[in-house]
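Data block below; observations after.
Quick note: the coordinates plus some simple rules give every number you see, no bench work behind them. Please read all numbers here as calculations on a predicted model, not as lab measurements. As a convention, Cβ positions derive from the backbone with ideal geometry for all residues, glycine included, and neighbour counts pool all protein chains shown.
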Amino acid sequence: MTENIKGYSYGQVGRSPVSEADLNLLEKTVFFTADDAANLKLAGEILQDQTDDILDLWYGYVGSHEHLIRYFSKGGQPNADYLGAVRLRFKQWILDLCFKPFDQTWLNYQHEIALRHIDKKNTTDGVEAEPFVHYRYMIAFIVPISLTIKEFLAKKGHEAATVDALYQSWFKAIVLTTLLWTYPYVKDGKF
């Protein structure tokens, strides 16, 4: 399935400048534990058949805000092909976040995603759009990507305490990935 996703190159990218030791310290800092990794797997089982609905919600949010849709636009006109290609990778990202181990291969791909927001923006899809995503929206987007997931986690009838635990694990994972995605925005040695 992933071989049909244009630009999805998990396991085929360069090494992240962030080490696994650094990642372990970040995980400790956000209280990410083995229980969170297990929770993400359950979250993935719950979310995997809802990814299109999740992306409809997220894309509706981005599309309804001119300051966000501009990153997929040129001259104020959104590029539907670009949005579609990114959507397929975004869908796979949800699954990767839940099911892939947070190891060196995962860390390497997070760095590739980071580069695609700044230094390599537009190159994967060969499009002309905003040349980079501003740092402020990288951080701000933690909120909608986190808050909107809880309703999807609750749709399979799990107890409220379980849904809350899954949500907390999701939130921690979103903070971790966003931190990793902002690496290229930070001056050398300051990450």
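Figures for the structure shown
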item	result
25 °C / 0.890 mPa s Stokes-Einstein diffusion coefficient of the range 33-191, Kirkwood radius on C-alpha pairs, µm²/s	149 µm²/s
Cα gyration tensor category, rounded, prolate or oblate, for the range 1-120 with a/c compared to 1.5	prolate
Under 5 Å, built H, 5+ apart or other chain: amide partners of S73	N79, E130
Residue-wise HN-Hα coupling along the range 168-173, computed from phi with Karplus coefficients 6.51, -1.76, 1.60 (Hz; x: Gly, Pro)	4, 5, 4, 4, 4, 5
Options Q168, V127, H158, ranked by Cα towards positive dipole end of the range 117-171, top entry (Cβ charges)	H158
Karplus-derived 3J(HN,Hα), 6.51/-1.76/1.60, for each residue of the range 15-27, Hz, glycine and proline x	6, 5, x, 8, 7, 5, 5, 4, 4, 4, 5, 5, 4
Computed magnitude of the charge dipole of the chain (debye, nearest 20; Cβ of K, R +1, Cβ of D, E -1)	420 debye
Computed [θ] at 222 nm, helices only, for the chain once each DSSP H run of length n ≥ 4 contributes -39500 (n - 2.57)	-17500 deg cm²/dmol
Euclidean distance between Cα centres, the range 121-176 to the range 6-55, Å	11 Å
